[in-house]
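See below for the structure under consideration.
The values are calculated or read from the model by the stated rules, or taken from the named source; none is laboratory data. Everything numeric here is computed off the predicted structure, so don't read it as measured data. Every residue, glycine as well, gets a Cβ built from its backbone with ideal geometry; the counts of neighbours run over all protein chains shown. Heavy atoms of the whole protein, side chains included, go into the accessibility calculation; ligands, DNA and RNA do not. Shrake-Rupley method; radii C 1.70, N 1.55, O 1.52, S 1.80 Å.
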Amino acid sequence: MDAPRSTTKSISLDQYGITSKTIFYQLSSSELHELALDKDMGKEASSGALAVNTGEFTGRSPKDRFIVKDEITSDRIWWGDINIPFASDDFDKLYDKVIQYLNEKELYVRDCYACADDDYRLNIRVINEYPWSNMFAYNMFLRPTEVELEGFDAEWTVINAPGFMANAEVDGTRQHNFAILNFSKKIALIGGTGYTGEIKKGIFSALNFILPVFKNTLPMHCSSNVGPEGDTAIFFGLSGTGKTTLSTDPSRKLIGDDEHGWTNENTVFNFEGGCYAKVIDLSSEKEPEIYGAIKKGAILENVIMDTQGVVDFKDTSITQNTRVSYPIYHIENIQNPSIGKNPKNIFFLTADAFGVLPPISKLTPSQAAYHFISGYTAKVAGTEAGVVEPRPEFSACFGAPFMPLHPTKYAEMLSKKMKESGVNVWLVNTGWTGGPYGVGTRMKLKYTRAMIHAALNGDLGLYNYDNYHIHSVFGVAQPRECPGVPTDVLSPRTTWNDDEAYYKTAFKLSNAFRENFKKFESYANEEIRRGGPQRYAP
């Protein structure tokens, strides 16, 4: 998969104004790994993976993500705190500064592409300051063959300069780091941050605009897999809710773990060529496929190792957001090409730290649209400065930071596809049971897997009052029985053993849903509005 390519292979970057004397083009993963070690930019773990520290930023910086406001984007983008406008003139000036900076550096260039379906393929050129950033691009984007590289025409370009620091007062940025999309010039300009997630999210944010506007295709922040009978399952969820873990299933073939498109031909295709998984508390027992993917060719980010290179996956002294990037072929059971047909089940994953949502419930079409627009999960104490108790977090479409259009645009497309395909939609709580965070316990992974398998296999019965209980606060249908799961686990109220405390907390969360949805009410139809909790706390 990763045959070494000559470091002498050359490429001209004149079209970008780049005149650097040392340009490494299309190096293999192994070569980039060794260069990172030689330059003391990383260390080798006992597994053979490259371990790096991304520096000041160990996660995305949403307030420093901008979109150039011009004739293409002006009337289409949902401008605000998520999609922040950037002036064209300011972009041009900052671009020139970045290029001048890079001209003094060794550069690493990779031609690659996104979208496994050839009808939607987007050719990309990635220009990096660091070798391990280019290795990340090798892992995360799709890899052209040698034949495909001949005459390769890049439609979009990522220019990545972690060491360049902007001057906010002069350059129009908020601070020294930035990630800017320019749809007219088809450039993602990234500087001041070593966090590699900005590289892939830049391109995928671009696709979240391109696909619905120009291709009439729904982009989704989700993972997906396909079963032995050819049925595709889709898993939506914010970071930490289990998208990667639950889609990486030995009984089903993995399509992808983070970004997909759903076409008018009722197929689902992966945007990526790799996986970018959280590794906090990772173990070979709980997640053997992901654990086994951490080997030569993988990149570990911000983990702690001992002197022998053994990683302590429980150590979060650098960040809670410890990560691994690896090419998808590090997982044995994958769908090739990364395309699935016949979507049958959609799972909305939420880590409910209040412990009041059922561990699994079936949603009506209106509830599905409501919960998709809401995109709920929760932050818990210790994950962010100032968070001392569970806090609801809503991210529209389970990926608002990456969605340039208004959330109702994506919700309308999803509702249409759900109706056309007859797909089942489930809300799955991978968070707390028996009480809120600090009182209850995290839902056991084996129970969540059992519930998802039961939904996929049709073992949760038909949607009727005999097989389901309608939740008195949220109105969702929770199954009364599920193979492999104790009956009392299926009822969150039962696990609390304190009805008054349970309902007080449930109404607190339902009110948070309603408050959050107020900003969407004028855009949502009556059917969608009825999909949410219908009562305020008494």
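General observations
- Of all residues making up segment 484-509, the number that are over 16 Å from Gly431 (Cβ atoms) and part of a helix (DSSP H, G or I): 9
- Selection from segment 484-538 of residues that are crowded, with 19+ Cβ neighbours inside 10 Å, out of contact with any helix residue (DSSP H, G or I) (no Cβ under 8 Å at 6 or more places or on another chain) and polar (S, T, N, Q): Thr505, Ser510
- Residue that is most open to solvent (accessible area, probe 1.4 Å) [pool: residues in segment 202-250 that are more than 28 Å from Lys379 (Cβ to Cβ) and charged (D, E, K, R)]: Glu229
- Residues located in segment 417-452, provided they are within 23 Å of the chain's Cα centre (by Cα) and within 25 Å of Asn264 (Cα to Cα): Lys417, Met418, Val423, Asn424, Val425, Trp426, Leu427
- Considering only residues in segment 340-373 that are small (Gly, Ala, Ser) and in a strand (DSSP E or B), the one that is nearest to Val476 (Cα to Cα) turns out to be Ser361.
- Qualifying residues in segment 145-156 (those that are open to solvent by 10 Å² or more (accessible area, probe 1.4 Å) and outside any helix (DSSP H, G or I)) - the one modelled with the lowest pLDDT: Gly151
- Pairs where the first residue, in segment 169-198, is among the basic types (Lys, Arg) and the second is open to solvent by less than 10 Å² (accessible area, probe 1.4 Å) and in a helix (DSSP H, G or I), C-beta under 9 Å, 6+ apart: Arg174/Asp64; Lys185/Phe91; Lys186/Ala206
- Strands (runs of 3 or more DSSP E) (entirely within segment 409-483) containing at least 2 residues that are modelled with pLDDT under 95 and out of contact with any helix residue (DSSP H, G or I) (no Cβ under 9 Å at 6 or more places or on another chain): 468-470
- Condition broken by Glu393, with the remaining ones in (1) under 17 Å from Ala506 (Cα atoms); (2) surrounded by fewer than 24 Cβ atoms within 10 Å (Cβ to Cβ); (3) over 17 Å from the mean Cα position of the chain (by Cα) satisfied: (3)
- Residue match in segment 165-187 (condition: among the aliphatic types (A, V, I, L, M), under 22 Å from Ile11 (Cβ atoms) and surrounded by fewer than 24 Cβ atoms within 10 Å (Cβ to Cβ)): yes
- Members of segment 260-274 that are touching a residue at least 60 places away in the same chain (Cβ under 8 Å) and crowded, with 21+ Cβ neighbours inside 10 Å: Gly261, Trp262, Val268, Phe269, Asn270, Phe271, Glu272, Gly273, Gly274
- Counting only strands (runs of 3 or more DSSP E) wholly contained in segment 234-297, the ones carrying 3 or more residues that are under 16 Å from Thr322 (Cα atoms) and either touching a Ser or Thr at 6+ places or on another chain (Cβ under 9 Å) or not β-branched (Val, Ile, Thr) (or both) occupy 274-278.
- So Ile67, is it closer than 30 Å to Gln320 by Cβ, modelled with pLDDT under 95 and β-branched (Val, Ile, Thr): no
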